[in-house]
Structure formats: structure tokens, C-alpha cells
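Any read-out appearing in this document is the output of simple, stated calculations on the displayed coordinates, not a laboratory observation. Please read these numbers as outputs of a predicted model, since none were measured by experiment. As a convention, Cβ positions derive from the backbone with ideal geometry for all residues, glycine included, and neighbour counts pool all protein chains shown.
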């Protein structure tokens, strides 16, 4: 389902990352700390949390309470940090139903202890979606089948496809009263990390695109959602490469506005290529970044067509 070109780019970047190991421990910690803040901010913001990125950083790294923000919002971000840490601990084991229940238990800890780790008992729905979620009386059996399917599809799907399938299928079932979206993104990352990939961030700024391709997946078109997850993985890999590879003029991650100064392409055109997933790029502080090397590679490939 994933685009062959995109998957090849991902595999090429994974080879580069493997060649850079062992990672410097201090640099790796810095990278993971940055990732956690951004991941938690975006995943909770998608669900309506009003803490800003900087406020999320203060809560997670300094333990500071933000005035005017609810206790739920504070617990929301600290719980997601704990859930991501727990994913790292269990990543090497086979995913079981209990693991998903535990992710939910952590997600709602202190927010709704009664429902934390419990399946819904009444019908729920996804606001803005035409999808009819699984009725409560079928949730337990469908979740058991879902976990079995994750194992059956290990050979059928590559890790990107499996992670996207896991996210979509979990959301389709919508087994919990609250926290389904957050757990779906955690589960997506659990699949990726368990297969040796790096975790991804689905950004709040991309929520419209995210919901659109997820909705299509619910009604039979999983391809667009798979490629969406693939592009997020490529972005994450680029961040790792930038952190550990010796920086040169060619591979330095730069804003597209900077690259455009020495390119035959405008910033607007490069941004269009980035948004469409044609030019490998990653967003840093909301701004598209790529490298002169990636742009030159794009030009070379285009010239051969």
C-alpha cells in the first residue's frame, strides 16, 4: 500500500541511521527529550488540550504548574509522557490486549480512574465522522481479534503499513469512553518502535489532513493513511540523521526559504513538494526544513524522467 518511492527513501534513511550507531548518549537523550515534548504537545492538542508547546515543556521538564490551566490538562500531558516511556520498556515483546488496556490506563490516570483500562459500556461516536463505531457488546471480541490480526499481518504488511493499520482499526473499534485518539497514536508508535523504527509525531497543525485520510481508511481506502504515516516516519528519521550525522553544507537541515536562495525553485514550490511528500522534509518549529542534498537529488531524478 505504501508508495514504493517513499518506502525506498525510508529504507535508505534507516541504513544511514544504522551506519551512525552507536549513538552519542548525551545527544540521544537530548533528541528524545525534544521529541517527547513535541509528541505530547501535539497528541494532546489534537484532543483539545490548550497548553502551549512551551507550557507543555515547562510541565514535563520542570514540573511547573501553569496558572489558568486545568488539572486534567496537566495530567493529560504527564500521562502521555509516562505512556511513551512505557512503550520503550515493552517494545521488544509481542503486543497483547493487556498492553493496550495498560496504555489506556496510563492515559486516563487521575483523569477518570473508573474508566481507565476499561472498555465502554454504551455506544460512542467520532465527532465529524460518518463511521459507526463498534457496539459495546462486540468490543471485547473485536479487540481480541484485532490483536490476533496484528500478529497475522506481520508478514502481509511492512512495519509502516502495520502501524497505520493498527491505528485505523483501533479507531474504527473505538473501544473506550475517552482517550481513543491518544491511545491510537501510542499504539501506532508501539508498532513502529517494536519493529526497530523511530516513533512519529502527528502534528496538531496537520489534524485536518490526518482526520481526512483516517476517515478514508475507515471506508476502505487505507493507502492514503499509510502514506501519511510513512511521511511522518521519514520526517522522524531525518531528525535522527541530522542529530547524529556530521553536518556538511549539503546535508544540513535548512528552512526551505534558505535553500530556495541557491536553487532554481522558489520557496513556494519547494513547500508544495514537501507537503505532497515528493521532497523529503521535516517541520521544525512549524517551518519546513530539508537539505540541499535532498533538493539536488530531486532535481536529478526529475531530469531523468
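With the calculation restricted to Cα positions, what are the radius of gyration and Dmax of region 249-305 in angstrom?
10.3, 34
Give me the percent relative contact order of region 249-305, please, defined on Cα pairs under 8 angstrom at least 6 residues apart. Walk me through the numbers on the way to the answer.
Working: 55 pairs, mean separation 23.3, N = 57.
That works out to 41 percent.
Using only Cα atoms, what is the ratio of the radius of gyration of region 151-305 to 2.2 N^0.38 Å? Mind dumping the intermediate values first?
Working: Rg = 17.0 Å, N = 155, 2.2 N^0.38 = 15.0 Å.
Against the empirical 2.2 N^0.38 Å value, I get 1.14 for region 151-305.
Let me have the 222 nm mean residue ellipticity of the chain computed from DSSP H runs of 4+ only, each contributing -39500 (n - 2.57), with the sum over all residues rounded to the nearest 500. Could you put the intermediate results ahead of the total?
On the way: 13 runs with 183 residues, N = 305.
Estimated from H runs of four or more residues: -19500 deg cm²/dmol.
Taking Cα atoms, how many degrees apart are the long axis of helix 159-173 and the longest axis of the chain, rounded to 10 and kept between 0 and 90?
Helix 159-173 and the main axis of the chain meet at about 30 degrees.
Can you give the angle from 0 to 90° between the axis of helix 136-152 and the longest principal axis of the chain, with both taken from C-alpha atoms, to the nearest 10?
40
Ranked by Cβ crowding within 10 angstrom, fewest neighbours first, how are 288, 86 ordered?
Details: 288 21, 86 17.
Ordered by Cβ neighbours within 10 Å, fewest first: 86, 288.
Compute for region 107-213: radius of gyration divided by Kirkwood radius, i.e. Rg/Rh, restricted to C-alpha atoms, rounded to two decimals. Can you show the working numbers first?
Details: Rg = 14.2 Å, Rh = 14.8 Å.
Radius of gyration relative to Kirkwood radius: 0.96.
Explain nothing, just the number: relative contact order of the chain, from Cα pairs under 8 Å at least 6 residues apart, as a whole percent. Write down the numbers at each step before the final one.
On the way: 357 pairs, mean separation 59.9, N = 305.
About 20 percent, as a whole number.
Taking only C-alpha pairs under 8 Å that are 6+ residues apart, what is the relative contact order of region 180-248 in percent?
On the way: 37 pairs, mean separation 19.1, N = 69.
After rounding, I find 28 percent.
So what's the projected area for region 1-111, the Cα convex hull averaged over all directions, in nm²? If you can, show how the numbers build up before the last one.
Values: hull surface 37.8 nm².
Over all viewing directions, region 1-111 projects a mean Cα-hull area of 9.5 nm².
Identify which of 91, 184, 166 has the largest mean-square fluctuation in a Gaussian network model of the chain, with springs joining Cα atoms closer than 10 Å.
Of 91, 184, 166, the Gaussian network model singles out 91 as fluctuating most.
Which residue fluctuates the most in the chain, going by a Gaussian network model with Cα springs under 10 Å, if the choices are 179, 67, 286?
Sorting by GNM fluctuation, first place goes to 67.
Taking the chain as the reference, fit the longest principal axis to its C-alpha atoms, fit the long axis of helix 207-218 to the helix C-alpha atoms, and give the angle between the two in degrees, 0 to 90, nearest 10.
60
Among 35, 225, rank each residue by its count of other Cβ atoms within 10 Å, from fewest to most, as a rough exposure measure. Show your work: numbers first, answer last.
Working: 35 18, 225 23.
The most exposed by this proxy come first: 35, 225.
Using alpha carbon centroids, what distance separates region 15-75 and region 235-273, in Å?
About 23 Å separates the Cα centre of region 15-75 from the one of region 235-273.
Estimate the FRET efficiency between residue 16 and residue 304 by the formula 1/(1 + (r/R0)^6), using the beta-carbon distance for r and 25 Å for R0, to the nearest 0.05. Let's see the in-between values first.
Working: r = 22 Å, r/R0 = 0.90.
FRET efficiency, residue 16 to residue 304: 0.65.
Please list log₁₀ I(q)/I(0) at q = 0.12 Å⁻¹ for region 17-70, using the Debye equation with identical point scatterers on the alpha-carbon positions.
Each listed q maps to, in turn, -0.36.
With only alpha-carbon pairs counted, each pair once and no self-pairs, how large is the Kirkwood hydrodynamic radius of the chain in angstroms?
Numbers: mean 1/r = 0.0492 Å⁻¹.
Value: 20.3 Å, from the Cα pair sum.
For a quick check: sort 268, 169 by the number of other beta carbons within 10 angstrom, fewest at the front.
268, 169
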